[in-house]
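The next block holds one structure in the form of structure tokens; read it before the comments.
The values are calculated or read from the model by the stated rules, or taken from the named source; none is laboratory data. Not measured: the values here are computed from a predicted model. Reconstructed Cβ throughout: ideal geometry from the backbone, glycine too, with neighbour counts over all protein chains shown. In case anyone asks, the SASA skips ligands and DNA or RNA and just uses the protein heavy atoms, side chains included. Shrake-Rupley method; radii C 1.70, N 1.55, O 1.52, S 1.80 Å.
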2 protein chains.
Amino acid sequence: MERVKVVEIKEDITSRNNAQAQSIRDELKRRGVFFLNVMSSPGSGKTTLIVSLINRLKKDFKIGVIEADIDSAVDAQTVSDVTGVKTVQIHTMGACHLTCQMAYESLEALGIDGLDFVILENIGNLVCPAEFDTGASANLVILSVPEGDDKPIKYPLMFEVADVVAVTKKDVLPAFDFSIDKAETNINMRNKNTPVFFVSAVSGEGVDELAEYLKSKAMKITEA
Amino acid sequence: MERVKVVEIKEDITSRNNAQAQSIRDELKRRGVFFLNVMSSPGSGKTTLIVSLINRLKKDFKIGVIEADIDSAVDAQTVSDVTGVKTVQIHTMGACHLTCQMAYESLEALGIDGLDFVILENIGNLVCPAEFDTGASANLVILSVPEGDDKPIKYPLMFEVADVVAVTKKDVLPAFDFSIDKAETNINMRNKNTPVFFVSAVSGEGVDELAEYLKSKAMKITEA
């Protein structure tokens with residue numbers, strides 16, 4: 001780097017709400033509910049992957065889905081129509097993430113009695129949702145091939161808080177300058193223990209393996 | 001909608017900084033500097049499009065570029081290497097957007113004496129940057145084909161504040177379920193006066209037209 005200056009501008013964006021998250025996680029564990037927080041950029045294929053996962057997991061679990069969006073009920077309607085599972089649409093009224101308080105209210109709005117696997121589709125945003133522990137049992141972070149293999153370099157926190165990463169839209173790999181090796185290296189640079197699944201909801205490739213992985217994680221809570 | 005409940009959760013995320021933005025805009029106008037704020041999701045092709053635009057505009061303007069990222073200097077290095085224009089990398093230290101104060105400090109870090117066209121590549125985020133007026137002369141919002149034509153439905157504010165929209169990665173249109181008509185309808189639902197350019201930085205399609213449009217907007221300030 002020669003010509004380029006690097007300037008650091010600080011701004012305090014401390015989250016005030018994370019203390020509460022652990023108690024939500026503990027309560028869900030006591031009640032035998034696995035709570036999966038799904039985060040990614042807009043348009044990475046969250047809803048499509050969630051539908052594919054539900055269709056593989058609904059024989060083993062009683063699933064509920066929270067769809068969080070700034071506006072519209074497009075995703076909740078899709079999930080509900082295609083999978084038939086219990087679904088609630090949350091509007092954040094402009095907010096770019098869910099706090100754990102908002103997640104808790106969403107769980108209450110959904111109603112988790114009789115459920116043992118709840119999926120939260122967070123706001124499409126690779127920055128802010130990572131800063132707010134929702135009380136989830138695990139964070140599934142999605143990176144889509146068209147976004148590029150460099151995203152873990154530019155959005156570090158999201159990949160640091162990921163318990164598992166799914167790289168989606170693998171079917172369009174030939175159309176993009178995206179390296180599977182670089183993606184894996186960049187993800188593991190942020191979090192060396194995070195398993196990475198390369199999937200295509202179109203062809204189905206990799207989705208069984210991801211579903212099996214989530215099943216094994218969930219059963220540690222639902223069968224405890 | 002039958003099965004799906006819609007719950008509205010409010011959170012106050014008022015921006016405290018917008019009052020200052022107009023005075024920044026006025027100062028830049030007095031100094032004859034057109035300031036373009038480029039916003040989009042991560043991985044939508046902002047940097048690639050910016051490079052393509054600079055190569056078309058640098059014969060007419062003295063251009064400077066501010067690259068804002070949470071981490072890394074990848075983009076600034078690319079822009080600087082490929083175009084040779086004056087470039088500064090800003091790190092927001094985790095922040096998901098630039099306030100106008102941060103934009104002003106970035107302009108000072110870049111040094112705008114002798115420049116008449118400054119491009120700010122904002123943080124890749126379709127939510128928060130829309131809430132903060134940076135003092136820019138115009139907002140260019142990018143939506144890439146792989147993200148889907150429904151994004152203006154889900155992320156209303158970003159498309160409401162757009163002065164011009166570029167739909168990028170048109171070359172991969174055949175690989176995605178994306179309708180140009182629906183995209184245009186959804187964008188104009190949020191802002192009926194926003195011109196929409198469909199472009200491919202790979203094939204060059206549409207980039208000349210977008211560059212000409214930006215040139216005509218900029219000349220209103222630089223030649224005033």
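Above 14 angstrom, tally the Cα pairs of region A:182-224 and express them as a % of all pairs, no decimals. Counting every Cα pair in region A:182-224, those more than 14 Å apart make up 60 percent. The alpha carbons of region A:40-134 occupy a box of 34, 27, 21 Å along the principal axes, longest dimension given first.
Normalised by the number of residues in chain B, the mean separation of alpha-carbon contacts (under 8 Å, six or more apart) gives a relative contact order of 25 percent. Helices in chain B, meaning DSSP H runs of at least 4 residues, each add -39500 (n - 2.57). Divided by all residues, the mean residue ellipticity at 222 nm is -10500 deg cm²/dmol. Binning the C-alpha pair distances of region B:72-211 at 10 Å intervals from 0 yields a P(r) profile of 11, 36, 37, 15, 1 %, listed from the shortest bin outward.
Pairs spanning more than 26 Å between alpha-carbon atoms, out of A:Lys215/B:Lys182; A:Lys169/A:Lys192; A:Lys29/A:Lys86: A:Lys215/B:Lys182.
In this structure B:Val85 has an accessible area near 20 Å², from a 1.4 Å probe over the protein heavy atoms.
Residue and distance for the chain B Cβ closest to the axis that moves B onto A, in whole Å, come to B:Pro146, 2. For chain B, a Gaussian network of Cα nodes joined below 10 Å ranks B:Glu121, B:Glu67, B:Glu209 by mean-square fluctuation, and the top entry is B:Glu209. Within the straight-line cut-off of under 18 Å between alpha carbons, the aspartates and glutamates reachable from B:Lys220 are B:Asp26, B:Glu27, B:Asp60, B:Asp116, B:Asp163, B:Glu209, B:Glu212, sequence neighbours fewer than 8 places apart in one chain being disregarded. Projected onto their three principal axes, the Cα atoms of region A:18-64 cover extents of 31, 29, 10 Å, largest first. Based on alpha carbons, the Rg and Dmax found for the protein assembly as shown are 21.7, 72 Å. Within region A:66-110, the ratio Rg/Rh, alpha carbon atoms throughout and Rh by Kirkwood, equals 0.97.
When the Cα centres of region A:188-219 and region B:152-224 are compared, how far apart do they sit, in Å? Value for the Cα centre distance between the two parts: 35 Å. Of the residues B:Gly32, B:Gly111, B:Gly94, the one that moves most in a GNM of chain B with alpha-carbon contacts below 10 Å is B:Gly94. Dividing the Cα radius of gyration of region B:114-172 by its Kirkwood radius returns 0.99 for Rg/Rh. A Gaussian network model of chain B, with springs between Cα atoms under 10 Å, assigns the largest mean-square fluctuation among B:Ser179, B:Ser144, B:Ser200 to B:Ser179. In sequence order, region B:71-82 has phi-based couplings of 8, 6, 10, 4, 5, 4, 4, 4, 4, 5, 5, 7 Hz under the Karplus curve 6.51 cos²θ - 1.76 cosθ + 1.60, θ = phi - 60°, and Gly or Pro positions carry x.
Taken over region A:99-145, the percentage of Cα pairs per 10 Å bin, counting from 0 up to the bin with the maximum distance, is 21, 56, 20, 3.
Region B:144-224 has equivalent-ellipsoid semi-axes of 23, 18, 8 Å, by the square roots of 5 times the alpha carbon gyration tensor eigenvalues, sorted largest first. Spit out the partnerless Cys residues in chain B, using Cβ distances under 4.7 Å as the pairing rule. Those would be B:Cys100, since no other cysteine Cβ in chain B comes under 4.7 Å of theirs.
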